[in-house]
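Only one structure is covered here, and it is reproduced in the block below.
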Amino acid sequence: MDETTWMRVLAFGHPVWMVASLGFAVVTARLGLEIRRRRAHGKVVGASLRARHLRFGKRTIGMISIGFIAGPLSMHFLREREWFDSFHSILGIIVFGLFAWTGWSGRALARGDREARDIHRIAVASALGVAMLSAIAGFILLP
């Protein structure tokens with residue numbers, strides 16, 4: 001393969017990474033919804049379920065962070081465009097902030113602050129919604 005072909009293949013790295021990150025986010029959200037469902041029905045929420053949710057949440061935040069850094073690098077070095085030269089990049093900044101807010105409120109919950117539940121729920125829903133919108137906005141940037 002020539003250099004142009006390699007650059008085109010590498011340009012798919014960020015989108016593939018972010019689709020995987022969204023998959024992790026959905027799995028994490030499903031675990032969180034299971035915790036909520038059990039709590040609402042008066043059932044015991046086991047430590048293993050909480051630990052799994054927390055473990056997936058930390059991985060998701062890490063993956064989103066790496067993707068947030070990789071996006072502008074991909075635009076500049078692989079696509080020869082400006083770092084933040086798209087609507088997708090603006091949404092990416094918002095998504096990163098919302099996932100950071102999700103992580104912050106989740107951390108507060110893990111430390112015992114039960115009042116962070118509503119904030120965490122709003123942050124998660126907002127982060128997932130805007131992330132999906134951002135993914136759609138990124139379609140026009142695919143090589």
Name, by its number, the condition in (1) crowded, with 18+ Cβ neighbours inside 10 Å; (2) under 17 Å from the mean Cα position of the chain (by Cα) that does not hold for residue 101.
(1)
Could you tell me which numbered condition residue 35 fails, if it satisfies all but one of (1) exposed (fewer than 13 other Cβ atoms within 10 Å of the Cβ); (2) touching a Leu at 6+ places or on another chain (Cβ under 8 Å); (3) among the β-branched types (Val, Ile, Thr)?
(1)
Among the residues of segment 109-136, write down those that are charged (D, E, K, R) and in a loop (DSSP other than H, G, I, E, B).
111, 113
Sort through 46, 23, 32 and tell me the only one that's under 21 Å from residue 119 (Cβ atoms) and at pLDDT 90 or above.
32
Go through segment 105-140 residue by residue and tally those that are among the polar types (S, T, N, Q), touching a Leu at 6+ places or on another chain (Cβ under 8 Å) and closer than 21 Å to residue 37 by Cβ.
1
Does at least one position in segment 68-90 carry a residue that is assigned to a helix (DSSP H, G or I) and under 11 Å from the mean Cα position of the chain (by Cα)?
yes
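The values are calculated or read from the model by the stated rules, or taken from the named source; none is laboratory data. Predicted model only: the values in this text are computed from it and were never measured. Heads up, the Cβs are rebuilt from the backbone with ideal geometry, glycines too, and the neighbour counts pull from every protein chain shown.
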